[in-house]
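Chemist: Following this message is one structure expressed as structure tokens.
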Amino acid sequence: ARPAAEAGGAAGGTSSFKRKREEAQKAQAGSSHNWNPLFMRADAVGEAMAERYGVDKRQVLDSEGGGSLAVRLAQGETHLLSRAREWLPPPPPPPPFSAPAPPRSGAAHPPCPSRVSLNTNHKW
């Protein structure tokens, strides 16, 4: 059996793998591509819905109530995200093409021969 320190138990703290992973995550935490401003945790959606309807969060998250809890949270999240999108500025337009297409060399199409011969001896 592995000792508790090596297994990541309470006595030894975290494993070297977990420490390295946490360090890498902390290093990337400031990167702008890691954050989605429209992400909402389920408990935050439940709190917002409870506040909006003036009920206790426990009533919103009660699985014994009518309908599916997942559906209620999805509908609440949809409503909150639509309100957040109204509040956020619109995305910037895509950048224009930086340069016009290069000119074509020569004629647009190869010259057509003056005589066209059709081979009608095909056996299809």
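The values are calculated or read from the model by the stated rules, or taken from the named source; none is laboratory data. Everything numeric in this text was worked out from a predicted model, so none of it was measured. Reconstructed Cβ throughout: ideal geometry from the backbone, glycine too, with neighbour counts over all protein chains shown. We work out accessible area using only protein heavy atoms, side chains counted, and drop any ligands, DNA or RNA first. Shrake-Rupley method; radii C 1.70, N 1.55, O 1.52, S 1.80 Å.
Chemist: If N is the number of residues in segment 49-93, what value comes out of its Cα radius of gyration divided by 2.2 N^0.38 Å? Present the calculation step by step, with values, prior to reporting the outcome.
Modeler: On the way: Rg = 13.7 Å, N = 45, 2.2 N^0.38 = 9.3 Å.
Compactness ratio reported: 1.47.
Chemist: How would you rank 80-91, 50-61, highest first, on the average number of other Cβ atoms within 10 Å across their residues? Don't skip to the answer; put the middle values down first.
Modeler: Values: 80-91: 9.6, 50-61: 12.8.
Highest mean packing first, the order is 50-61, 80-91.
Chemist: At a Förster radius of 30 Å, what calculated FRET efficiency corresponds to the Cβ-Cβ distance of residue 85 and residue 27, to the nearest 0.05?
Modeler: The pair residue 85/residue 27 has a calculated efficiency of 0.45.
Chemist: Counting only protein heavy atoms and a 1.4 Å probe, tell me what percentage of segment 38-79's accessible area is made up of carbon and sulfur.
Modeler: 53
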